[in-house]
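The values are calculated or read from the model by the stated rules, or taken from the named source; none is laboratory data. In this text, all values refer to a predicted model and were calculated from it rather than measured experimentally. Here the Cβ positions follow ideal geometry from the backbone for every residue, glycine too, while neighbour counts run over all protein chains shown. Please note that ligands, DNA and RNA were not included when accessible areas were found on the heavy atoms of the full protein model with its side chains. Shrake-Rupley method; radii C 1.70, N 1.55, O 1.52, S 1.80 Å.
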Amino acid sequence: MLDIIARFANGRGFWPAIPAVAFLTVLMVIPLVLLLSFGFSDIVVSRGVIVSQDFTLDHLTKILGDRLYLLTFQRSINLSLSVTALCLIFGFPVAYLYLRSGTFARRAILIAVIAPLLTSGIVRTYAWIVILGGQRGIVNRALLDLGLIEAPLRILNTHWAVLIGMTQVHLPLMILPLIAVMTRHDKALDEASANLGASRLQTLRHVILPMSVPGIGTGATLVFTLSYTTFVVPQLLGGGNYLNAATMAFEQMVYSLEWSKGAVTSTLLLVTCIFFIGLFTWASQTTTRWIRQEGVA
Amino acid sequence: MDGAYVGLAPFVAIDGLTKRFGDHVALADCALAIGRGEIVTLLGPSGCGKTTLLRCIAGFAEPDAGRIAIDDTDTLALPVNRRPVGVVFQNYALFPHLTVAANVGYGLKMRGVAKAEIDRRVAEILALVSLSELKDRYPIALSGGQQQRVAVARALVVEPKLLLLDEAFNALDAKLRAGMQAELRKLIKRLGMTAIFVTHDQDEALAISDRVAVMGSGRIAQVANPIDIYDRPASPYVAQFVGTSNMLEARASGGVATLPGGIKLAAPISGNVQVLVRPQNFEILDASDARAGWQGRVTFGRPAGAIVEYEIDAADGTSFKIAALRDSPAGHLPVGAKVGLAVRDAGTCVVFEASS
C-alpha cells in the first residue's frame, strides 16, 4: 500500500493518469456505451425507465438502407467541409496579418479573435437572425435601400444562413491555432526567402503556407468536428427546414423519443467524425514529415 | 594587401551610410570600399552596428542616408529580392519543410530556372560542399556543420556578386569552428567570390579575412589587414578590442615619449600619452634587475598551451597582463613572486594621445 502511494507520488508510470481515467470512465465512457447499446437493441421504456432491452440489429440495418439517412449525412459532411474551407479562407489572411503586424496590432487582432468566444454560440447565432432576417434584417434593408434588389432576399431559414452563421461562430477556432503557428514563425526564414529572390507572395506560398500546415490541421479538425456535431446553429438559422445529422439525432432523442434510432444516428455520427479527424490528421502528418525526420548515421 | 583598399573603382562601395532607430544611432556615416574577390570582416562588440550594416546591404533594413554600390550598380534602389547579394544567416535560416536539395534549389526556383537546370546546378554545388549524400535529408536531421554548408551552398548557387555571412560560425562548437573557417575561406577564394563576414570574435576575424573593419558605436574605427589591426591599431578602442593590451600612461615631449626603464618611443604628439604594449612584449626579470622599469608581484597565473598568462600588479597599482613562454625561466612563477618588468621592443609599442 505504501509502495503504491510512493509510486503515485513519484509521478512514474500510469499512476498519475488514474484520476482522469476514472473520471472519464464514470462520466463519459459508461454513459456513451449505454447510449450506443440502445442502437443495437429493442428497448421498452416505461415512465422514463428502461424496463427491457433485447439485442437486435434491426435498427442499424433499417437505417443503413434508408436514403433519408444517406442524404442527411451527405448534407452534414458537405456543410462541415464547406464551413471548414470557408474558415480557412477567411482565417488564414487574419493569421497572416497577425504575422506581419507589430506588437500593438497583434494584441488587437488577438482580442478581436478571442472576444466572440466570450459570448455563447447561441447568442451569436441569434445575432445572425437580426442581421439576415426577413424584410427588416440589416442585410436586406441595406440592399433594398441601395436599390440593388427589388424584393428582400430569402437568406434566413435556408442552407445559406446555416453556412454563414456556422462559419462565423467557428472562425476563431481556425484562427487561434494558425496564430499559434505564426507566433513561432522565424522571420529570418522570410528574409532568407526574399534574399533568394522570392516576392512576398512567393514567400507566402512557399514558406509561410507550408509551415502553417500543423495549424491548419488543428484548426480544420476543431472546426469540422464542431460543425459536424452542432444542432444549435442549424435549428436557429435553418428554421426547422434544415436537417443535418446532429439535428436528426437530437430530434429522435428529445422530441420523437426514438432512442434506438437516435442511438444509431449518434453511432454513425461518431464513427464518421472519427474517420474525418483521422483523415485530417493523416493529411497533416504526411505533409509535415519534415518535423520528424531523423538523421541516418 | 595592406592598409585601405587601393585600386580603381571598388567592387563594393559604401559611402556615408547612416541609420537611426529613434534616438539610437546604429550607423554613423560609415564608408567602406571592398575590392573584387576580397574577404572583409566587420568586427565589433554587439550593438556596434555591424549587423545593421549587413542588413542594409542585404535590404532587410533601409538606411536613412548614404549610398551602397555593388559592381557600379546602385544597390539601395533595388528591392530586397533583386539584390545581387547572398546571405548566410546567423542560425542559417534553412527552410525546415524543405530537403537539403530543395533548400539549395529554392533561389533558382524563385528565379524561374527550369527543373533540369536546377537539378544540375544543385548537384554541382552540393558536390562542392561535400553534401551530395544528404540531399534528401530535412534540416532537422543535419548536424550544425552540415547545416552551415547547406546555408552556404544555398547562398552561392544563385551566383551572387557579394556573399554576406552573419556570425556564420556562432552555432558551431569551438573545434569544428576553426576547421570550417579555413574550409570556407578556401572555398570563397577558389570561387573568386567577394565576401563580408560579420563577427564579434576577433580570432575568427583575423583567421578568415583579407582585411578587418573594426566597428564601434556605429562607426568604422579602422580598416586594415589583420596584422596591421593587431600591430598598428589606429585608436585605443581598436587596440583594446583586438588582442590583449596594456595601456601605459607616459609623457611625451620633443617627439619622444619615455617609459619607465628608459625605453624611448617616437611620439608624434606632446603631453600626456597612452602607450600600447602587448603582453608578449614584456620581459620578466628578477626584482633586483637594473633594467626593470617596474617592480611587481604576480597575482594570477594561467597556463594557455605553449604560453602562460600572468597578471602582475606593480607597486603603483598598475595591473599588467603579461605572456611568457612556458618553457622559459619565467614560465613557472608562483602567485606572490616578486618580479621586475621591462619592455622588450620599443618598435612594436604604439603611442596614442591620452583620452582625457
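Some points to look at:
- Spin-label zone in region B:201-242 - amide nitrogen under 19 Å from a point set 7 Å from the Cα of B:L191 along the C-beta vector: B:208-211
- Whole-angstrom gap from region B:14-43 to region B:220-234, using each part's C-alpha centre: 16 Å
- Within chain A, longest stretch clear of exposed chymotrypsin sites (Phe, Trp or Tyr not before Pro) (DSSP loop, no more than 15 other Cβ within 10 Å): A:15-254
- For region A:92-166, trypsin sites (Lys or Arg not before Pro) meeting the loop criterion (DSSP other than H, G, I, E, B) and having at most 13 other Cβ atoms within 10 Å: A:R136, A:R154.
- Relative contact order [Cα under 8 Å, 6+ residues apart], chain A, whole percent: 23 percent
- For chain A, a Gaussian network of Cα nodes joined below 10 Å ranks A:M28, A:M166, A:M211 by mean-square fluctuation, and the top entry is A:M28.
- Sequence-separation-based contact order of chain B, relative, with Cα cut under 8 Å and 6+ spacing, percent: 16 percent
- Efficiency of FRET between B:E309 and B:K175 - r from beta-carbon atoms, R0 25 angstrom, step 0.05: 0.75
- Peptide B:265-273 - average C-beta neighbours from other chains (10 Å radius): 0
- Solvent-accessible area buried by B and A, counting both chains, probe 1.4 angstrom, square angstrom: 2200 Å²
- Pairwise FRET efficiency - B:A9 versus B:D316, Cβ, R0 = 60 Å, nearest 0.05: 0.65
- Normalised contact order of region A:151-224, rounded percent, pairs of Cα under 8 Å and 6 or more residues apart: 47 percent
- Modelled label positions at A:Q135 and A:L279, each set 7 Å beyond Cα in the direction of Cβ, lie 4.4 nm from each other.
- Sorted largest first by accessible area at a 1.4 angstrom probe radius, with every protein chain in place, the residues A:S256, B:S270 fall in the order B:S270, A:S256.
- Filter on A:K187/B:K115; A:K187/B:K50; B:K109/B:K175 - keep pairs with C-alpha separation over 26 Å: A:K187/B:K115; B:K109/B:K175
- Among A:A22, A:A263, A:A245, residue whose mean-square fluctuation peaks in a GNM of chain A (springs only between Cα atoms under 10 Å): A:A22
- Counting only lysines at least 8 places from B:K189 when in the same chain, those with an alpha carbon closer than 19 Å to its own are B:K161.
- Close amide-amide hydrogen proximity is noted between B:N225 and B:G3, B:V212, each under 5 Å apart and 5 or more residues distant or on a separate chain (H modeled in the peptide plane; Pro and chain starts excluded).
- Cα gyration tensor category, rounded, prolate or oblate, for region A:58-296 with a/c compared to 1.5: oblate
- Separation between Cα centres of region A:41-109 and region B:69-117, rounded to whole Å: 45 Å
- Candidates B:G105, B:G192, B:G59: whichever shows maximal mean-square fluctuation once chain B is modelled as a Gaussian network with Cα springs under 10 Å: B:G192
- Of all aspartates and glutamates in the structure, those lying under 15 Å Cα to Cα from B:K338, and not within fewer than 8 positions of it along the same chain, are B:E283, B:D286, B:D289, B:E311, B:D313, B:D316.
- Pairs of Cα atoms farther than 16 Å apart, region A:182-238, %: 58 percent
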